[in-house]
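Undergrad: Below are the structure tokens for one structure; questions will follow.
The values are calculated or read from the model by the stated rules, or taken from the named source; none is laboratory data. These numbers come from a predicted model, not from an experiment. Here the Cβ is made from the backbone with ideal geometry for all residues, glycine too, and neighbour counts use every protein chain on show. Surface areas here come from the heavy atoms of the whole protein model, side chains and all, with no ligands, DNA or RNA. Shrake-Rupley method; radii C 1.70, N 1.55, O 1.52, S 1.80 Å.
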Amino acid sequence: MANSLSCSASELAPLFSTSTNATTAANYLCSQFDSISKKLSDATYAVDNTYLLFSAYLVFAMQLGFAMLCAGSVRAKNTTNIMLTNVLDAAAGGLSYYLFGFAFAFGSPSNGFIGRHLFGLRDYPSPSGDYSFFLYQWAFAIAAAGITSGSIAERTQFVAYLIYSSFLTGFVYPIVSHWIWSSDGWASPTRTGNDLLFGSGAIDFAGSGVVHMVGGIAGFWGAIIEGPRIGRFDRSGRSVALRGHSASLVVLGSFLLWFGWYGFNPGSFLTISKSYSSGEGYYGQWSAVGRTAVTTTLAGCTAALTTLFGKRLLVGHWNVIDVCNGLLGGFAAITSGCSVVEPWAAILCGFVAAWVLIGFNKLAMMFKYDDPLEAAQLHGGCGAWGVLFTGLFAKEAYVNQVYGGGRPYGLVMGGGGKLLGAQIVEILVVSGWVTATMAPLFYGLKKMKLLRISSDDEMAGMDLTRHGGFAYAYHDEQDGDSTKPSMFMMGKIEPATSTPTPHPSPPQPQPQV
């Protein structure tokens with residue numbers, strides 16, 4: 001924020017002549033300076049709040065990206081179900097975050113574990129934050145819930161979505177965000193006082209751990225406790241691909257998520273009008289915002305290309321679905337250190353993230369783990385790599401700009417191992433916390449028979465059995481039903497066989513005697 005102008009008549013009066021009007025003139029000038037100062041301060045608040053609101057809108061638009069990505073990644077018979085769950089993630093998450101989540105995350109003054117004020121936005125806004133900050137943080141909370149829904153798609157009861165989504169956005173996620181992002185959090189790099197974790201705090205700027213690991217690990221336990229979809233592995237344990245029905249929707253969703261990530265990462269500065277004491281008028285937080293957008297872009301692009309060629313070498317073909325997942329894995333990884341690393345380091349981050357995703361997918365097949373969207377591998381695995389990456393490559397100058405001077409920075413950049421130690425602690429604690437809360441929840445839902453649908457419903461598809469009809473007008477040409485109305489139809493297309501089916505020969509006439 002711009003420095004406030006100050007003025008007093010006692011300072012100005014000696015500068016005038018000894019006339020009786022000197023004090024009056026000084027008072028007048030000071031009142032004008034004060035008015036200008038107030039207008040500049042108001043303009044700064046308006047610019048910063050508008051920037052944060054626009055960033056919140058971008059992050060919320062990622063819900064549309066999640067919805068399209070999920071819809072394209074499941075089979076057509078479950079499209080309505082997965083779309084509805086994405087809507088409910090936002091709706092149920094909005095109420096639970098308003099009532100409890102925001103208070104648990106940012107309800108200062110509080111202890112290092114959990115917030116204790118601002119329930120239902122009581123006594124809000126305040127000097128510490130405005131409604132734009134609440135909206136921005138709510139958009140982050142429902143993003144975590146959206147990640148989890150992808151892991152348990154195509155086999156989960158509707159009521160289970162409502163329960164886990166409210167619990168995750170209202171309690172589990174806010175506690176983690178309090179630890180890392182609140183000024184009272186025990187692992188926060190902005191914690192007041194000098195008792196920072198390892199003298200640094202865990203730097204997770206936009207949430208590789210806070211958002212992506214939370215959503216990914218929660219989805220991991222949901223998928224583990226539910227078990228794989230019917231038909232995902234055959235009797236001998238070999239993997240059987242249950243491909244999504246629309247690569248077009250997957251690509252559309254990926255581009256929407258890419259667009260929204262420019263609110264997710266650069267928007268996490270919360271303000272844009274702050275100047276840095278570098279002596280260069282053109283350089284300030286607005287430049288750091290631009291640099292963060294660049295590092296985000298480079299990490300995602302590198303991960304996408306690495307996945308493209310890596311999968312080509314491994315499986316022998318170019319797969320757009322794999323490329324989209326690699327792209328998102330790069331974004332999930334760079335989210336932690338996007339504001340404190342150089343662009344060249346972001347390229348390295350994306351390269352490693354692609355191989356992390358490929359490796360976790362191999363492990364998932366080995367252990368017969370079924371995640372229709374690779375959400376746990378992508379967000380959990382690549383998110384953990386991103387937290388470690390920050391501890392290795394955070395640059396001293398950028399850390400000082402964003403978090404203040406005199407603190408540890410990346411190990412590879414010469415800053416010692418303290419920051420890396422804090423990052424490792426974050427990974428371990430986040431993993432343990434989500435496991436301790438979400439695994440019992442999913443297990444309890446399973447015991448109460450509220451988690452998984454019946455095998456008959458799963459085979460028929462939830463759109464028909466649970467939602468009253470398919471998302472598309474679908475007609476199987478083999479059923480021979482000509483009574484259906486003439487309209488746009490989707491029909492099954494079977495591959496042609498290499499040899500034509502022989503037709504029976506006409507009967508030969510019998511010789512006459």
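Undergrad: Out of (1) closer than 22 Å to PHE171 by Cβ; (2) outside any loop (DSSP other than H, G, I, E, B), what's the single condition that is false for PHE198?
TA: So the condition that PHE198 fails would be (1).
Undergrad: Here is a follow-up. So for the range 32-45 (the condition being among the acidic types (Asp, Glu), at negative phi and surrounded by 19 or more Cβ atoms within 10 Å (Cβ to Cβ)), does at least one residue qualify? Let's see the steps before the verdict.
TA: Of the range 32-45, the ones among the acidic types (Asp, Glu) are 34, 42.
Pick out the ones that are also at negative phi and you get 34, 42.
Narrowing the set further to residues that are surrounded by 19 or more Cβ atoms within 10 Å (Cβ to Cβ) leaves none.
Taking every residue of the range 32-45 in turn, none turns out to be among the acidic types (Asp, Glu), at negative phi and surrounded by 19 or more Cβ atoms within 10 Å (Cβ to Cβ).
Undergrad: If a residue must be more than 25 Å from TYR57 (Cβ to Cβ), surrounded by fewer than 15 Cβ atoms within 10 Å (Cβ to Cβ) and of a type in the set (Gly, Ala, Ser), how many such residues does the range 276-317 contain?
TA: Final tally of qualifying residues: 5.
Undergrad: Separate question: Which pairs do you get when a residue that is within 9 Å of ARG155 (Cα to Cα) and without any contact (Cβ under 8 Å) to a residue 24 or more places away in the chain, found in the range 452-466, comes within reach of a residue that is open to solvent by 60 Å² or more (accessible area, probe 1.4 Å) and assigned to a helix (DSSP H, G or I), reach meaning Cβ atoms under 9 angstrom, with the pair 6+ apart or on two chains?
TA: Note: pairs meeting the criteria are ASP457/LEU464; ASP457/ARG466.
Undergrad: When residues of the range 109-137 are filtered for being buried (at least 19 other Cβ atoms within 10 Å of the Cβ) and in contact with an Asp or Glu (Cβ under 7 Å, 6 or more places away or on another chain), how many remain?
TA: Counting residues in the range 109-137 that are buried (at least 19 other Cβ atoms within 10 Å of the Cβ) and in contact with an Asp or Glu (Cβ under 7 Å, 6 or more places away or on another chain) gives 1.
Undergrad: Something else about it: For the range 327-345, give me each residue that is touching a residue at least 60 places away in the same chain (Cβ under 8 Å), assigned to a helix (DSSP H, G or I) and closer than 17 Å to LEU256 by Cα.
TA: LEU327, LEU328, PHE331, ALA332
Undergrad: With the condition kept exactly as written, say whether any residue in the range 53-73 is open to solvent by less than 50 Å² (accessible area, probe 1.4 Å), among the β-branched types (Val, Ile, Thr), at pLDDT below 95 and within 30 Å of PHE140 (Cα to Cα).
TA: First, pick out the residues of the range 53-73 that are open to solvent by less than 50 Å² (accessible area, probe 1.4 Å): 55-56, 58-59, 61-63, 65-73.
Going one step further and asking which of them are among the β-branched types (Val, Ile, Thr), we end up with 59.
With at pLDDT below 95 added as a condition, the list becomes none.
Looking through the range 53-73, none of the residues is open to solvent by less than 50 Å² (accessible area, probe 1.4 Å), among the β-branched types (Val, Ile, Thr), at pLDDT below 95 and within 30 Å of PHE140 (Cα to Cα).
Undergrad: May I ask you to list the residues in the range 242-280 that are under 17 Å from VAL323 (Cα atoms) and not in a helix (DSSP H, G or I)?
TA: Of everything in the range 242-280, those that are under 17 Å from VAL323 (Cα atoms) and not in a helix (DSSP H, G or I) turn out to be ARG243, GLY244, HIS245, SER246.
Undergrad: I need the full set of residues from the range 151-196 which are under 30 Å from LEU242 (Cα atoms), open to solvent by less than 10 Å² (accessible area, probe 1.4 Å) and aromatic (Phe, Trp, Tyr), in order please.
TA: Correct list: TYR161, TYR164.
Undergrad: Does TYR45 satisfy the criteria of being more than 17 Å from GLY150 (Cβ to Cβ) and at pLDDT 95 or above?
TA: On the way: more than 17 Å from GLY150 (Cβ to Cβ): yes; at pLDDT 95 or above: no.
Spelling it out, it is not the case that TYR45 is more than 17 Å from GLY150 (Cβ to Cβ) and at pLDDT 95 or above.
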